[in-house]
Amino acid sequence: MISFNEHTNLSYALTGKATSHQTEGWEEHIHVLKVITEKFLPHLHMSELEEECFSKVLPKVVTMFDSLVEEITNQVGRLSSQNTELRSFLRNILQVAVQVLEVLSAFVRHVSSLEESLALNIIHTLPSCILQVLRTTFQHCKESEVVYSGRLSLVGDLLQAMFKEAYSLQKGLMELVERISLDNTPSEEHISDIITVIHNLLDICSVISNLDITLHANTWKFIIKQSVKYASLVEERLRHGDITSCLCDDLVTSFQSCLELAEQVRQAGAQQLANSSDYKLFQRTTKMCRFFANTLVHYIKEFKAFLSKSCSRFHQLYLQTVSKFPPSLLAPMLPSPLAEELSGAVLVPMDALLTQLLPLRSFAEAALKSSQQLSPETELAHCLLLVSVLGRLSSQPEEALQLWFDGSHFPEDTPRLPLFQALFQSFCRCSVERRVPVLLPGVMLRGQAQGNVSLHHHVCVNLCFCVAALSPKHLPLLERSLLEALLQPDTQTALLATDVWCFMARFGTAELCLHHVLFIAHLVRQCGEGCYQLSHLGVLLRRMLFFMTPAHQMELVERFLPSKWENLSVWRHILLRALSADARQRVQTDIITLTDSTVSQWQQAGYKLGQLDNVNTALFSLLMVVRGESSEAQCASSAQRIVSELWARMCPDQVLLHPTIQCTVRLLLSMSAVLVKSMDPQALCQALECVGALVSQKCPYDLVFAALDFLASLGKVFIPQESQSQVFTRLSGVFRAVLAERSWLLHQHALEAFAHFVEATNHEEVISQSLSSEETKNTVVNFLSKTINTQEKMETRLQRLRLETLVLEQHNDRLEAVEETAQESAVGDDYDNSTGASEPNLKRARQETSIDEEYQRYLQTADSALKALQMLAEGPDTTPHPPPQWVTSRLQDLVTLITQISKVRPP
């Protein structure tokens, strides 16, 4: 038996040798360790292990091992197959490193063989020192390709042996630590030891992630198991952010590997799928994805109270993963079996992850951030996340409902939008996905799965489900979000708000519907003619009338009398068939009477241009009456008379000079398209003469569109023999002019109008006279037969849609800026015109745009413009169209300007 003094001498000898770099000394170091392990360690009592051996020997072993690795790093640069002496030297060092690991394994096996119950205080130094050696070992193995730089084959067998021994050592250490159980009142040192083991293994996890799948998974299992086992003791001191961040990174890395392997399998073909080595590797990697995802969900479930700082990372993780699956436009095309496996491994745990995160304020703040800075690739995933949250809230407690529905209220709160508002904004940003369109699975209906539906349909259905279960206390915020979405420039977002609002009207009480209709009608009346929100409000008003009771419709008529001038802007947006018989008759009579009176006053005043605005206002409402399917014969006759009288006063030369007259002609064309069957030939000729003159002189697009609707309606009319020559000449002339248009927008509308005319007309000579050129004839034939000459590639289409989206966003920004300026001017005018007012009317302060946002906006505009120039130069048919010399010169000027901007420095 070795005495304590002898042991001390041996440990001192170990220290002295470990600082030497002489080759012949390493064997003596190992000999000393083996003597301690074989001769001294077995004779120590369990209570003496830490104080007599581990605390004195193991720190010196760590120092020795570090010196070994450092020596390798210093000498490996000169390693080559010709330098046999250095090769032998480095191989000896690696062999010594392997033996050190074997000795440490012997330490672990000895402690594990003890039958007494283990406590941390008897092995205090053992876990931390061994984990330091393991980290150094794994790091060296991971960096071996770089460290040995092509000379790996000279030492590969020893590196493999070193990794294998380290693998076994870590496995034995984790089994040993699992046997340890703390007392009911553990000391601070014991708690610190457990935390040290968990954190050291966490550091090792980041090293071994690409070395061995099984070791990586088992290490994570141990970390989570120990964290949960001692949760009440260590939860406040664990590095929760680092643990969850590493889990997220490992999940993303495995997920990316799965996508790459799946692409390799797809390219190789699915004939030998079951026997493919890539497929088997894909399955193993998919299992790791499932493991990391489920582990993350489990950890969040246990420690969610300590993960507030990690919620932003969880939000990004959800977007990163979901954006790689259909219906995302960037989702890779995977074979069906692989897609199903990967979906089950990732998307299913992501749903569970979302359920765990719902009650967390920090996650709600991350998902409902007022200024989301998302990439275009993750916009759809964020929208689907909010929809998923919407579907889960019905089962949540009131605190969670307030967290998501109410938004932030106090200045000290992190800004947080109400869920409804955030969802509408997210939907608005998915412009490309709405226009492709992407398709999502429909909901179950009467026990049967529905087919794929659009994003609009998907969001609308889920919103309506939520509205049906919504508590009355949250209705004001819903109404506010619906109104905000309705009044912003994006039309499809406004239509989504309209759909949900209509559902709320049908689902709610008749009194609520009446209240909403009166409110909307008031807003319509307040909107100016050029206000872009007017069309959105008009659509909602038109649809809401269908849900009103007859008594409430009459109340609306009494509140907004059609016989009063200021109310005509309301009634021009309604459909007569939505009204009850009494309300319809009242509205028709009042509008016809008022329009007739207005036109008569204009005639008596000598057709003054200044009074034509009043005529146009009345004609807008008259158009609504004319379009009514149940209009009375007397009303139709009166409308026809008014239209014929006004056509006689229209002069094409004046139309092009005055926008007010253009508006009148547009209204007359729209009414003539409806009344065409009852119009007399003289009025038709006058209308055609005016249209021909306008088209030949390049009138505004809105006039051309109205003219095309009128031309299409002429197919339903039989022209009397005595008028045919005059009408046919003018009609075919106009068709020839519009079909020859080079503007794709006008050309498309012209083809549609001509197709409608061809389908209905009996006058085939007009068709032949209109198709004078062979090019026009071929174009019309291809359109009628639905022949597609060229098919746009998906990549090209997506690029085009993204460029169009930038243009639309800039247009919408301009609309909102103009509207905001107009509102500010109105407030200023109210103040200037007020009498005795010492202060302006109270108004919500406008949030100033930051410098960063200004830079971002202008750079986005420049980027969009340059991409458009690039597409123009490359040509739509992939044939380059080099720009003229003056364009090249301008581009050089821009380069100079960009250089000057980049050189600007702060004063």
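For the residues 741, 765, the requirement of being in contact with a Phe, Trp or Tyr (Cβ under 8 Å, 6 or more places away or on another chain), at pLDDT below 90 and not polar (S, T, N, Q) singles out 765. Within the range 186-199, can one find any residue that is surrounded by 17 or more Cβ atoms within 10 Å (Cβ to Cβ), outside any helix (DSSP H, G or I) and at pLDDT below 95? Yes, the range 186-199 has at least one match.
The requirement of being closer than 21 Å to residue 288 by Cβ and either of a type in the set (D, E, K, R) or part of a loop (DSSP other than H, G, I, E, B) (or both) is satisfied by residue 340.
Of everything in the range 713-749 that's among the charged types (D, E, K, R) and not in a loop (DSSP other than H, G, I, E, B), which residue is farthest from residue 689 (Cα to Cα)?
At the first step, the residues of the range 713-749 found to be among the charged types (D, E, K, R) are 716, 722, 730, 736, 741-742.
Right, trim to not in a loop (DSSP other than H, G, I, E, B) and you get 716, 722, 730, 736.
Details: 716: 19, 722: 17, 730: 7, 736: 14 Å.
Step by step, filter the range 713-749, then rank; the result is 716.
The lone criterion from (1) free of Cβ contacts under 8 Å to residues at least 24 places away in the same chain; (2) more than 25 Å from residue 174 (Cα to Cα); (3) exposed (fewer than 13 other Cβ atoms within 10 Å of the Cβ) left unmet by residue 75 is number (3). Residues considered: 282, 222, 255. Of these, the only one that is in a helix (DSSP H, G or I), touching a helix residue (DSSP H, G or I) at 6+ places or on another chain (Cβ under 9 Å), touching a residue at least 60 places away in the same chain (Cβ under 8 Å) and not β-branched (Val, Ile, Thr) is 255. Helices (runs of 4 or more DSSP H) fully within the range 393-479 that include at least 1 residues being surrounded by fewer than 19 Cβ atoms within 10 Å (Cβ to Cβ), touching a residue at least 40 places away in the same chain (Cβ under 8 Å) and of a type in the set (A, V, I, L, M, F, W, C): 398-405, 455-468. Residues that are over 28 Å from residue 799 (Cα atoms) and within 17 Å of the chain's Cα centre (by Cα) were ranked within the range 371-392; the one that is surrounded by the fewest Cβ atoms within 10 Å (Cβ to Cβ) is 388. Filtered by the rule that a residue be over 26 Å from residue 118 (Cβ atoms), crowded, with 17+ Cβ neighbours inside 10 Å and touching a residue at least 24 places away in the same chain (Cβ under 8 Å), the range 29-66 gives 29, 30, 64. Only residues that are within 29 Å of residue 229 (Cα to Cα) and among the basic types (Lys, Arg) were counted across the range 136-163, and they come to 0.
If you go through the range 164-181 and keep only what is in contact (Cβ under 8 Å) with a residue 24 or more places away in the chain, among the basic types (Lys, Arg) and either surrounded by fewer than 17 Cβ atoms within 10 Å (Cβ to Cβ) or in contact with a strand residue (DSSP E or B) (Cβ under 6 Å, 6 or more places away or on another chain) (or both), you end up with just 179. Scanning the range 373-392 for residues that are touching a helix residue (DSSP H, G or I) at 6+ places or on another chain (Cβ under 7 Å) and assigned to a loop (DSSP other than H, G, I, E, B) yields a single hit, 374.
Would you list the helices (runs of 4 or more DSSP H) that sit entirely within the range 72-151 and hold 3 or more residues that are modelled with pLDDT of 90 or more and within 23 Å of residue 55 (Cβ to Cβ)? Steps first, answer last, please.
On the way: elements: 84-113, 125-142, 144-148.
Of the helices (runs of 4 or more DSSP H) lying wholly inside the range 72-151, those with at least 3 residues that are modelled with pLDDT of 90 or more and within 23 Å of residue 55 (Cβ to Cβ) span 84-113, 125-142.
The values are calculated or read from the model by the stated rules, or taken from the named source; none is laboratory data. For clarity, every value in this text was computed on a predicted model and none was experimentally measured. Here Cβ is always computed from backbone atoms with ideal geometry, including for glycine, and neighbour counts include all displayed protein chains.
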